[in-house]
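Note sheet for the following structure.
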Amino acid sequence: MAKASRENHDSMTRISNADTDVIDLREPRRRPGPRPRQTPAFSYDEDILSQFDGDDSGDPPRVAGGDGSLTDPRFLVPLALFLAVVLVLGLALRANSVQNTEPETAEVSELVRRVRSAETRAGFGDLTIRQEDQLLIIEGSVGSSAEATAVGAVARSVEGVGTIDNRVLVAAGQSVGEPVVTPSPRDSLDATLAAAGQVTFEPGGTSLTASGAATVDRIAAILVGVSGRTIEVRGHTDSDGDAAANQRLSQDRAEAVMGALIRRGVDSASLTAIGFGESQPIEPNVTEEGRAVNRRIEFVTLR
């Protein structure tokens, strides 16, 4: 009886184990859990992240519809910053370039203006004068080889002039190969005086400016060493104001310069003064530059 009971227990145990095996075989497979979220290699700004769609896939957030191209906002922000930096650097370099070139351009323009003024006072007002680097180029035409030589002499006498390319041509009628004639002492003196600089005055008066006084100093130094010549000091004005008043002002200025030369040692017997007012302009009086050229003092050798 006990044996039968034990066999029955063993049989039930096997059945129980068999049932367990069946249950184990039919147990469904477990689905894997969500993958752990990967930490991106770079961080996102919270304001930018708020515009992004995320999911549980672990992929970096993307704007809805983003495809990773240059239109993706992930690239637009760095690209905009890069372009802004390039723009700022470009503007800075341009400003520096302009700043470096402006003084040089102003200096060249001033030198050309002074040479043109000297040539005009010497009677060569129809020339084209320009500067390329350190080379001063003079173009135009004159009536004789002597005048062409005088043009170069006037330009060389202006302070600051370096190498000159005198391209002045002699007008038709001069035979090719005609020997160059040396300017007469009178022509040379006129050119030298014209190149000494411009005599300028305080507005509306006869008082010399500092620059005008320096020019008178140079002219006096030239004339002190000259004998047997009569120099006429000629005053001119622009057309502003009353013609009669301009006539008186030009005469007063010419006499003021003559007196300044005498005080600097020039023989008074060699000087005369005359005013022409606004009657002999060398430039149109329509611009300030033209009027400034017309307000002038000229020195002309009479004999």
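The values are calculated or read from the model by the stated rules, or taken from the named source; none is laboratory data. The shown structure was predicted, so the numbers you read here are calculated from the model rather than taken from an experiment. Every residue, glycine as well, gets a Cβ built from its backbone with ideal geometry; the counts of neighbours run over all protein chains shown.
With the requirement that a residue be of a type in the set (A, V, I, L, M, F, W, C) and either more than 27 Å from the chain's Cα centre (by Cα) or not in a helix (DSSP H, G or I) (or both), what does the stretch 134-156 give you?
First pass over the stretch 134-156, keeping only residues of a type in the set (A, V, I, L, M, F, W, C): 135-138, 142, 146, 148, 150-151, 153-155.
Within the stretch 134-156, LEU135, LEU136, ILE137, ILE138, VAL142, ALA146, ALA148, ALA150, VAL151, ALA153, VAL154 meet the criteria.
For LEU189, indicate whether it is surrounded by 15 or more Cβ atoms within 10 Å (Cβ to Cβ), closer than 26 Å to ASP126 by Cβ and either among the basic types (Lys, Arg) or in contact (Cβ under 8 Å) with a residue 12 or more places away in the chain (or both). Show your work before the answer.
Numbers: surrounded by 15 or more Cβ atoms within 10 Å (Cβ to Cβ): yes; closer than 26 Å to ASP126 by Cβ: yes; either among the basic types (Lys, Arg) or in contact (Cβ under 8 Å) with a residue 12 or more places away in the chain (or both): yes.
Against the criterion (surrounded by 15 or more Cβ atoms within 10 Å (Cβ to Cβ), closer than 26 Å to ASP126 by Cβ and either among the basic types (Lys, Arg) or in contact (Cβ under 8 Å) with a residue 12 or more places away in the chain (or both)), LEU189 qualifies.
Are any residues in the stretch 277-298 assigned to a loop (DSSP other than H, G, I, E, B) and either closer than 14 Å to GLY235 by Cβ or polar (S, T, N, Q) (or both), and if so, which ones?
GLY277, GLU278, SER279, GLN280, PRO281, ILE282, ASN285, THR287, ARG295
Please specify each residue of the stretch 235-255 satisfying the condition of being in contact (Cβ under 8 Å) with a residue 40 or more places away in the chain and under 20 Å from ALA118 (Cα atoms).
GLY235, HIS236, THR237, ASP238, ARG253, ALA254
Among GLU139, GLU147, which is the only one that is within 26 Å of ASN294 (Cβ to Cβ), acidic (Asp, Glu), without any contact (Cβ under 8 Å) to a residue 40 or more places away in the chain and crowded, with 17+ Cβ neighbours inside 10 Å? Show your work before the answer.
On the way: GLU139 fails: crowded, with 17+ Cβ neighbours inside 10 Å.
Among GLU139, GLU147, only GLU147 is within 26 Å of ASN294 (Cβ to Cβ), acidic (Asp, Glu), without any contact (Cβ under 8 Å) to a residue 40 or more places away in the chain and crowded, with 17+ Cβ neighbours inside 10 Å.
Looking at this structure, is VAL176 at pLDDT below 80 and assigned to a loop (DSSP other than H, G, I, E, B)?
Numbers: at pLDDT below 80: yes; assigned to a loop (DSSP other than H, G, I, E, B): yes.
Judged against the criteria, VAL176 is a match.
Going residue by residue through the stretch 247-255, is there one that turns out to be assigned by TED's automatic domain parsing to the domain that holds ALA214, surrounded by 15 or more Cβ atoms within 10 Å (Cβ to Cβ) and under 38 Å from the mean Cα position of the chain (by Cα)?
Scanning the stretch 247-255, I find at least one residue that is assigned by TED's automatic domain parsing to the domain that holds ALA214, surrounded by 15 or more Cβ atoms within 10 Å (Cβ to Cβ) and under 38 Å from the mean Cα position of the chain (by Cα), so the answer is yes.
For every residue, the table says whether it meets (1) surrounded by fewer than 16 Cβ atoms within 10 Å (Cβ to Cβ); (2) of a type in the set (Phe, Trp, Tyr); (3) in contact (Cβ under 8 Å) with a residue 24 or more places away in the chain; (4) within 20 Å of SER117 (Cβ to Cβ).
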residue: ALA196; (1), (2), (3), (4): no, no, yes, yes
residue: ALA213; (1), (2), (3), (4): yes, no, yes, yes
residue: THR230; (1), (2), (3), (4): yes, no, yes, no
residue: VAL257; (1), (2), (3), (4): no, no, yes, yes
residue: VAL266; (1), (2), (3), (4): no, no, yes, no
